[in-house]
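Scroll down for the structure; my scribbles are underneath it.
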Amino acid sequence: MATASPGGICLMVRSRPYEHRAARADLDFALAAAALDFRLDVYFLGSALMQLAAERETVPAMLPVGYRSWAALPDLAEVRLHAQQEWLDRCECHGIRLLLPVRALSADQMKQNWRGCRHALVI
């Protein structure tokens, strides 16, 4: 089982893509933490995992682009991405390719990992 990185930051991403007015609000926070050399454990809760979807038809929906930069995180810092197994199963079932590898965890495993975080933020 994966555990949180001591000395790092746990980010719990709970917003769906385009839920915020700024398309990259969650991503910008993660990029800032990575640029400061923090180890990151990013937990995508529920439908927030869709922020990692590789293909997205933003132009016909008149939505801003912006989430593809999640793929830049591993180049900036040590990062581990986590999501609930049921959401990873949904992605696989519907052929949704994700930008980065994501570890499957149960909700209980996530909670246990969060308890080991020195710094945890919900974004």
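Restricted to region 38-64, and to residues that are charged (D, E, K, R) and at pLDDT 80 or above, which residue is surrounded by the fewest Cβ atoms within 10 Å (Cβ to Cβ)? Result: ARG39.
Reported count of residues in region 94-121, each being surrounded by 14 or more Cβ atoms within 10 Å (Cβ to Cβ) and either among the charged types (D, E, K, R) or under 14 Å from the mean Cα position of the chain (by Cα) (or both), is 9. Taking the criterion of being β-branched (Val, Ile, Thr) and either outside any loop (DSSP other than H, G, I, E, B) or in contact with an Asp or Glu (Cβ under 9 Å, 6 or more places away or on another chain) (or both), the residues of region 77-123 that qualify are VAL79, ILE96, VAL122, ILE123.
Taken over region 67-111, the criterion of being in contact with a Leu (Cβ under 7 Å, 6 or more places away or on another chain) and among the β-branched types (Val, Ile, Thr) is satisfied by VAL79, VAL102. Counting residues in region 14-22 that are at pLDDT 70 or above, of a type in the set (S, T, N, Q), outside any loop (DSSP other than H, G, I, E, B) and closer than 26 Å to GLU86 by Cα gives zero. Hey, any hits in region 65-79 for a residue that's at pLDDT 85 or above and exposed (fewer than 13 other Cβ atoms within 10 Å of the Cβ)? Within region 65-79, one or more residues are at pLDDT 85 or above and exposed (fewer than 13 other Cβ atoms within 10 Å of the Cβ).
The values are calculated or read from the model by the stated rules, or taken from the named source; none is laboratory data. Not measured: the values here are computed from a predicted model. Heads up, the Cβs are rebuilt from the backbone with ideal geometry, glycines too, and the neighbour counts pull from every protein chain shown.
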